[in-house]
Each structure stands twice: as structure tokens, then as C-alpha cells.
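Asks: My structure is below; once you've seen it, I'll send some questions.
The values are calculated or read from the model by the stated rules, or taken from the named source; none is laboratory data. In this text, all values refer to a predicted model and were calculated from it rather than measured experimentally. Note: ideal-geometry Cβ built from the backbone for every residue, glycine included; neighbour counts use all protein chains shown. Heavy atoms of the whole protein, side chains included, go into the accessibility calculation; ligands, DNA and RNA do not. Shrake-Rupley method; radii C 1.70, N 1.55, O 1.52, S 1.80 Å.
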Amino acid sequence: MSLPVPYLSARTLTVVKPVDTSGAERVVNLGLNESWIGPAPGVVDAIRDSAVSVHRYADPGCGVMRATIGREFGLDPARIVCGNGSEELLDAVGRVYARAGDEILFPAYSFLQFAIVAYRLGATAVEAPLGPGFVVDVDALLASVTPRTRVVFLANPNNPTGTAVPMEEVARLARELPSHIVLVLDCAYAEYVDPSEAAVAFAIADRHPNVVVTRTFSKAYGMASARAGWAYAHADVAVALNNVRGIGNVNGMAQAAATVAIGEQGFIGEVRRRTAEGRLRLETQLRGLGFEVVDSAANFAFARLPAAEPGWAQATVARLARQGFVIRSNEDYGLPEWLRISIADRTDLDRAVALLAVEVAAAAPVARRA
Ligand SMILES: Cc1ncc(COP(=O)(O)O)c(C=O)c1O
């Protein structure tokens, strides 16, 4: 007896990696870029209130959520599509615009989900080379376009590197990219940059009907588990994306929570300020320990210990996890020496840095020999 043959192999491609925290009394997760500040005001009450109607189907068109987002950002709700996290919308773009044999292009060391979207479709994931310091090279991206390119993904700021492309460069990319190719501006970390900068992405989408902007409630709004995101696109593109999303993709509690959260821009400003403060402190501490640190514009730091022994980063992650601090190594991104650490409560981060200092001290003889 044989099993059905899958089109997709059993190869594990996942953004979330399992870690062994056994032995730790308390676990602080600094590995998923969640917000330590918690949900926006009113979110928990909105979820509780809407849970009373859990026996009813929610609005499949997310009408109130879209209208509220539209009002907040001055966007036409008919051009907004809501998703089960923004992840669903990245996948939807792939399913609408690419097929096996097509190419999906993105800068090297981009968010892993972009390669996963291509993999699920049997499309080819193409990575464009970066400039020094993990900075996206728009010219290299444009030079990597071929007749098979159907979708270009750009995460801005990017995960895992944290680097941001200046909006003038993003605008140039949109201008110079052939208009039959979809350009997805994945703005999952947009709340951590200046709101006027973040709003430029919408203006770019207004000028170019092939541009799709995605946003999420998972990060600064503190709603990772609710699974709510949205896309802003040309009206025809929005219709196409609506056709492939799940009908009940955003549950009623998530819709209610997102609708309340979007009005809390004062809170988001506070999240931005506190995150920037924590990031500066963490990056300074890491530099003090001898780490090379990439300038991050998001809610995490990205760093490596130069000349550490191969495998040091993974071993360090494993040892910290057993002491209750989950940070992320990046071998699945092809960056095995690099660590990604979410910004969090100052006391927790100080403790994580102290544990890292011990690891660095143990690695120092090797680093000195190099
Ligand atoms: C760059 C980027 N885009 C999109 C997402 C997906 O977020 P969600 O599906 O929770 O909206 C993430 C999550 O970490 C991310 O880092």
C-alpha cells in the first residue's frame, strides 16, 4: 500500500522554530518579535464582548474593520482586504499571481515567508543580492527581474535583519519595476517607523496599481494571537485577493479587537517610543559586549559575535533557552552566526544581556585567536 504522493515534500519550512526551555521556571520569549507591552487598550474587552456572539458567523467582508482602518489612514475601504494575519495575504498574492515555473523575487535574507509562498506554489524563489550591511540594493533587485518574474516582495523594515529601505528608494522601485509585476510592500513593522514615512507606502500604491501594501495587528498593536492583518491595493487587485482568501478568515473576536485597536494611535506612538528606547539600549549593550550590530528599525536587534566558533550562536541560543530566555538563531535564513533578539521589558533584556555576557566571555579565547 502506498501513500498519496504530495506535490509538496515533507521538507520543513517554518518561520517558528521549536526551542527546548525545559528546566526554566519562567520563559521570556524574545524570539518571535512580539510586543512585550501587550495589546492596545480596549482589545481584551472587545474580544470578551464579541465572544458572547461566538455561535454566530462573523461578517465575512470585515465591513466595520475595513471602514475603521480606512477612516484612520484616509484609505478607500473597498481597496482594503483583511486577512488571518498579514501572512495569509502574502500567500494570497502568490496564489493569485504566480504559478509553478514563475519566479517570486525578493532581496536576500528577507522574511522567510516569501520563500515559503513560492515553495507552496512550486514557483521559483529568486533572491537578489544585498549591498553591504544587509542594506537592500534596489538596483540589484531590478536587475534580477526576468520575463518569469510575477511577484516582488519587499519587507520594510525587514525581518530578520531589521534594515529599512528609504521610502524614496521604495518609490523608485515601484516606478522602475515593470507594471505587470506585483510589488508587495510588507509593512509588518511599519508602526515602529515614523508614521509619515509609513504612510508613503499607501501613496505609492495609489500611484501604481500593481503595488500591494500589507500591514499587521500582530506587532505594535499586540495582537499576534488574534491573527488580523490587512492589505491595501488597487480595487481590482483587492477583488482578486478577496476571491482566494478564506471566507471566514478573520474571526469575529479578531475583527472586533482590530476595530478598537486601530483607534489607539496614541498607544501605538507610545509603543514606538518605548521600543526605540529599548532597542537603543540593547544595541548599545550588545556593541559593548563586542557584537556587530545591524541598525534595526523594527522591534528587535540583529547581531553577531565576530570570529566566534562555528555553532556558537546555536549553542548560545540553546543554553539561554534552558535558562528561560528564548532568542532566535538564524541558520534557516542562511545566517547561522546571527542572533535576533526582540525588544522587551528592560529587566528581562538586562538579564538576557547578562547571560550573553557569560557566553561571550566563554567564547573570547577562540575569538582572540581568530
Ligand atoms: C516581515 C513580516 N511580515 C509578515 C509577518 C506576518 O505577520 P502576521 O501574519 O502575524 O500578520 C511577519 C511576522 O513575523 C514579519 O516578520
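Asks: Among (1) open to solvent by 50 Å² or more (accessible area, probe 1.4 Å); (2) of a type outside the set (A, V, I, L, M, F, W, C); (3) not in a helix (DSSP H, G or I), where does Arg71 come up short?
Replies: Among (1) open to solvent by 50 Å² or more (accessible area, probe 1.4 Å); (2) of a type outside the set (A, V, I, L, M, F, W, C); (3) not in a helix (DSSP H, G or I), the lone unmet condition for Arg71 is (3).
Asks: If you don't mind, there's one more thing I want to ask. One residue is enough: does the range 14-21 have a residue meeting the conditions open to solvent by less than 80 Å² (accessible area, probe 1.4 Å) and at pLDDT 90 or above?
Replies: There is at least one residue in the range 14-21 that is open to solvent by less than 80 Å² (accessible area, probe 1.4 Å) and at pLDDT 90 or above.
Asks: Check whether at least one residue in the range 239-248 is touching a Gly at 6+ places or on another chain (Cβ under 7 Å) and in the same structural domain as Val184 (by TED's automatic domain parsing), and report yes or no.
Replies: yes
Asks: Could you tell me which of the residues Ala226, Ala198, Ala231, Ala205 is more than 20 Å from Ala67 (Cβ to Cβ) and open to solvent by less than 40 Å² (accessible area, probe 1.4 Å)?
Replies: Answer to the check: Ala198.
Asks: Turning to a different aspect of this structure: Residues that are without any contact (Cβ under 8 Å) to a residue 12 or more places away in the chain and either of a type in the set (A, V, I, L, M) or closer than 30 Å to Cys82 by Cα (or both), at least 1 per element: which strands (runs of 3 or more DSSP E) completely within the range 254-369 meet that?
Replies: Fully inside the range 254-369 and qualifying: 292-294.
Asks: Just wondering, is there one or more residues in the range 93-108 that are closer than 21 Å to Ile247 by Cα, among the β-branched types (Val, Ile, Thr) and within 13 Å of the ligand (Cβ to nearest atom)?
Replies: Yes: one or more hits.
Asks: Just to be sure before I move on: is Tyr7 of a type in the set (Ser, Thr, Tyr) and surrounded by fewer than 22 Cβ atoms within 10 Å (Cβ to Cβ) in the structure I sent?
Replies: yes
Asks: Criterion first (out of contact with any helix residue (DSSP H, G or I) (no Cβ under 7 Å at 6 or more places or on another chain) and open to solvent by 20 Å² or more (accessible area, probe 1.4 Å)) does Ala354 satisfy it?
Replies: Here the answer is yes, as Ala354 does meet what is asked.
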